[in-house]
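One structure is given below, encoded as structure tokens.
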Amino acid sequence: MDIATTPTTPEGNPEIADAAPTPHDPPVIRREDYAPFAWAVPTTRLDFRLAPDATRVTATLDVERNPAADPSPELRLNGDSLTAESVTVDGAPATWRMDGPDLIVTLPGERHSVEIVTIIDPSANTQLMGLYASNGMLCTQCESEGFRRITFFPDRPDVLSTYAVRMEGDKAAFPILLCNGNRVAEGDNGDGTHWAEWHDPWPKPSYLFALVAGDLVANSKPFTTVSGRKVECNVWVRAEDLARTDHALESLHRSMKWDEEVFGREYDLDLYNIVAVSDFNMGAMENKGLNVFNTKYVLADPDTATDADFDAVEGVIAHEYFHNWSGNRITCRDWFQLSLKEGFTVLRDQMFSQDMRGEAVKRIEDVRILRAAQFPEDAGPLAHPIRPDSYREISNFYTATVYNKGAEVIRMMRSMVGETRFRAGTDLYFDRHDGEAATCEDFVRAIEDGAGVDLGQFRLWYSQAGTPRIAVSQMVEGDTLKLTLKQTVPATPGQPDKQPMPIPLKVAVHSRSGALGAEQLIVLDSAEQTFDLPLAGPDPVVSINRGFTAPVVIERSLSREDLVFLAAHDDDPFARSEALQELGVAHLVGAARGTLSAEEQADGEAAIIAAFRASLADAALDDAMRGELLVLPSETYLFEAMATGTQLADPGAIHTAREGLKAAIATALAGELQAAHARTSAIPLDDPAGRGARKVKTLVLGLIAAADPATAASLAAAQYDAADNMTGRQGALMVLCSLDVPEREARLAAFYERYKDNALVIDKWFTLQALSFHPDVIAHVRKLAEHPDFTIRNPNRVRSLHMAFAGNPKGFHKADGEGYRMVADVILALDPINPQTAARFVPALGRWRRIEPGRAALMKAELERILASGNLSRDTFEQVSRSLE
Ligand code: PHE
Ligand code: ZN
């Protein structure tokens, strides 16, 4: 049976809309093969006759020989599923041929004008790359290689061109016509159609091109830049969403101001447009002057968005805005350099959010994300350096490694040279490479030159994959502490042997007497090194990797008493939460491995309970920080900690151990937890302390549920019924979803009824059920996949149900393999429709090698079944085959 064409969705048999037949073994592209393009394209003119199922595109490229490249009589223009209606050179019929998907034009001279006509069908574009239809509007997504689905073009980031665009279409269907840059002319044809002309003065690569045509309204507010330029800022949405756009617009203004102040970067056009679309493969896209956003990262109000959603909107708006300099003004030479723009821009958005919302809590959140998403990637079959050496499909390299570890690597540079010198380095980078397509090496050299630092050995962070592990030992000698650190960088696919890397670590040596040591930065740059550190008093306790200066795993066995001391007294709030995590990990991994004696089990629990009691009682903590301290290590993180060396992870045992610990905490602290729930419930929505309170409220509810489901259910139902905001409502529903109680169904139904017209909130409704620890979660997910509101064609929806389920440690890892089978079926059904999104499900199954043998065999069998189905996209083929190697 060919599963790829088996009807598994309400729409029935998913027809293969526009997928060209893919070679079974797609070629490998290598970084070392980079060569500049033979032709420059100083200007590009595009003319769009828009229609949902047949848009006619006329592209005129002025090309001239690139003196820096090997001369070639041919111009290779990339295409993907395109046919040329006509090709002319300098107004006359041209000599051209197809080479696979690409078009090759013979050009005799130094300089030519090449005109190509293509006709594309946006309504059939289910991949959401190129020009596609979403909710009646037309929009584009070109990064990385989507422009070649619009017209034939040198679709590579080092070909920069100035674009002039004319678009024409039905006025009723597309009253708003947007493109990059400035609108220079518009007109009405008087026959129901109208047109607009746009010009973008900044040369750009094709991946930054964007066009939007639709029935949209804007929330507008001008921003005046530091030099007095007035910028019209618009957030474009469908009329019914307008009331939920203020937060996005305000976030944009805050980002513009912050980038002027912190990085000295000013905006460079008179117009900044953001458009929200509901069908989008990723979070958002930084197209020059015309960002296209997933609605999820634009729309927010307290009734429909949680506090975390508000933060995510602010962070993504900032991220895309910051790309205007780190990405657009300076772009990437080739896609291997992706971290040049993404790592740096993630760092910039993290710094911005730390400044907006508080440094420690944001840092704890970012480290949690890194450990949940990047550490597993770095330890598995898909591990790659932040600057990869090869790929088959670049879409597969928009990873936590390139983005989040990329940000950590630049953050380390900043920690080593300090804020002021780092700024000198980034100033030099922006200055030196403005208008260029640059490399990671260019960035490192600019930091070296601008900040005055030698990053010779540090470059290993760009070339070596794998999370370094640092073994710690210590000895007291007189009034110094001798701290010995040994680093190992684990082998990763294609990289069996690693060199030691420079690892900056902020450390402090505290004393159990209560005296706190001063913080200092040490840099471990060989395999083993001993550092002499001053003692602050007797019984030293080392606080290490404070603020998470380096993305590494610290291996040490501090006594429980020392960890409890750090959790209560460290002056670095990050280190406090870290100590609690360490305490939790040590206990839970021991419990999951079954190596704890009854006494150790009891002592471990008692220490964690004492630490939780202290966090609940500590009047000096605000609830935002208290909330962080009450989060137990996630099952994914425990999975990583359990699967070290030759040891394997047992997801079932981890789940049981973690739930057991929650129950023990909740039994011991029943009174405190209920008091905390009552206290935080009394804090009103708009109180400045409200955010932290809402976080604590739901966390304690989740703990109570582990020991006393009936009490938790009635508290959760009351919290739900009383909620005047989405954070409280979703939190209550989340707790109810994992319980087998009568309150559950009624609240789920009420939630659905209340929000059935709001797609983003219905996504939450799917996710809450897919993530639950309810014993019937798999049956629930199967049933939800048949719900009339489910469609596999909308990425947000399939992520809200199936991607969430793939991250449900209990359901996905059900011992009989049913969870694995369901995810494999989704990959097979989705691959012909949207390969990019389908391939994103593969890593969950790819973790099989580090899992106990029973589940590992079941996961591997699913990967093999996917591979055997044949005719996979390049995206899915690459991920599955790497996962089986
Ligand atoms: N460049 C986008 C960002 O990081 C992400 C993206 C990649 C969006 C590919 C769409 C397609 O902001
Ligand atoms: Zn980005």
Over all Cα pairs of the stretch 621-718, the Kirkwood radius sets Rh, and Rg/Rh then becomes 1.06
How much length is gained if the chain between residue 689 and residue 354 is pulled fully straight, taking 0.36 nm per residue apart and subtracting their Cα-Cα distance, in nm to one decimal?
118.9 nm
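Using the per-residue mean of other Cβ atoms lying within 10 Å as a proxy for protection, in what order, highest first, do the peptides 492-500, 766-774 fall?
Numbers: 492-500: 13.9, 766-774: 22.2.
The most tightly packed comes first, giving 766-774, 492-500.
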Relative to the longest principal axis of the C-alpha atoms of the chain, give the angle of the C-alpha long axis of helix 853-868, reported between 0 and 90° and rounded to the nearest 10°.
0
Which value, in debye to the nearest 20, gives the size of the charge dipole of the chain about its Cα centre, when Lys and Arg are +1 and Asp and Glu are -1 at the Cβ?
900
As I understand it, the dipole of the chain uses +1 on the Cβ of Lys and Arg and -1 on the Cβ of Asp and Glu, about the Cα centre. Which of 859, 762, 116 lies farthest toward its positive end?
859
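On average, how much area does the Cα convex hull of the stretch 497-590 cover when viewed from any direction, in nm²?
Averaging across all directions leaves 6.6 nm² for the Cα convex hull.
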On C-alpha positions alone, give me the angle between the axis of helix 670-681 and the longest principal axis of the chain, in degrees, nearest 10.
40
Each label point is 7 Å from the Cα along the Cα-to-Cβ direction; what then is the distance between the points at residue 473 and residue 776, in nm?
5.6
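Which value in Å is the Kirkwood Rh of the stretch 201-307 over different Cα pairs? All intermediate terms of the calculation are to be shown ahead of the outcome.
Values: mean 1/r = 0.0684 Å⁻¹.
That comes to 14.6 Å for the stretch 201-307.
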Can you put 134, 597 in order, fewest other beta carbons within 10 Å first?
597, 134
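Can you figure out the FRET efficiency of residue 678 with residue 104, using R₀ = 60 Å and their beta-carbon distance, to the nearest 0.05? Walk me through the numbers before you get to the answer.
Numbers: r = 73 Å, r/R0 = 1.21.
The value I calculate is 0.25.
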Quote to one decimal, in nm, the extra length available between residue 31 and residue 449 on full extension: 0.36 nm per residue of separation minus the C-alpha distance between them.
148.0 nm
In the chain, with Lys and Arg counted as +1 and Asp and Glu as -1 at Cβ, which of these residues, 458, 588, 184, has the Cα nearest the positive end of the dipole, that is, farthest along it?
588
Principal-axis tilt of helix 359-369 within the chain, Cα atoms, nearest 10 degrees
80
Hey, what's the Cα Rg ratio for the stretch 100-168 versus the globular rule of thumb, 2.2 N^0.38 Å?
1.27
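If R₀ is 30 angstrom, what is the calculated FRET efficiency for the pair residue 123 and residue 787, using the beta carbon separation as r and rounding to 0.05? Intermediate results must be reported in sequence, preceding the final value.
On the way: r = 24 Å, r/R0 = 0.82.
E between residue 123 and residue 787, to the nearest 0.05, is 0.75.
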Through the Karplus equation 6.51 cos²θ - 1.76 cosθ + 1.60, θ set to phi - 60°, convert the phi angles of the stretch 830-843 into ³J(HN,Hα) values in whole Hz; use x for Gly and Pro.
7, 3, x, 8, 9, x, 4, 6, 4, 5, 6, 7, 5, x
I need the P(r) histogram for the chain: all alpha carbon pairs, bin width 20 Å from 0 out to the longest distance, whole percents.
14, 47, 33, 6, 0
Using the crude model of +1 on Lys and Arg Cβ and -1 on Asp and Glu Cβ, and no other charge, please compute the dipole size for the stretch 533-635 relative to its Cα centre, in debye to 20.
120
Give me the number: length gained by fully extending residue 260 to residue 598, i.e. 0.36 nm times residue separation minus the C-alpha to C-alpha distance, one decimal in nm.
115.8 nm
Evaluate the distance, in nm, between pseudo-label points positioned 7 Å from the Cα of residue 250 and of residue 301 along their respective Cα→Cβ axes.
1.4
As a footprinting exposure proxy, order 322, 565 by other Cβ within 10 Å, with the fewest listed first.
565, 322
The lysines whose Cα lies under 24 Å from the Cα of residue 764, excluding any fewer than 8 residues away in the same chain, are 296, 362, 695, 697, 756, 783, 810, 814
Nearby lysines by direct alpha-carbon distance to residue 498 (threshold 30 angstrom, same-chain neighbours under 8 apart not counted):
341, 405, 482, 486, 506, 860
Likely footprinting exposure, 351, 285, fewest C-beta neighbours within 10 Å first:
351, 285
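If r is the Cβ-Cβ distance from residue 815 to residue 746 and R0 is 30 Å, what FRET efficiency results, to the nearest 0.05?
Numbers: r = 32 Å, r/R0 = 1.05.
Efficiency at R0 = 30 Å is approximately 0.45.
Each value in this text was obtained by applying a stated rule to the coordinates, not by laboratory testing. This structure is a prediction, so every number in the text was calculated from the model and none was measured. With ideal geometry, Cβ positions are generated from the backbone for all residues, glycine too; neighbour counts draw on all protein chains shown.
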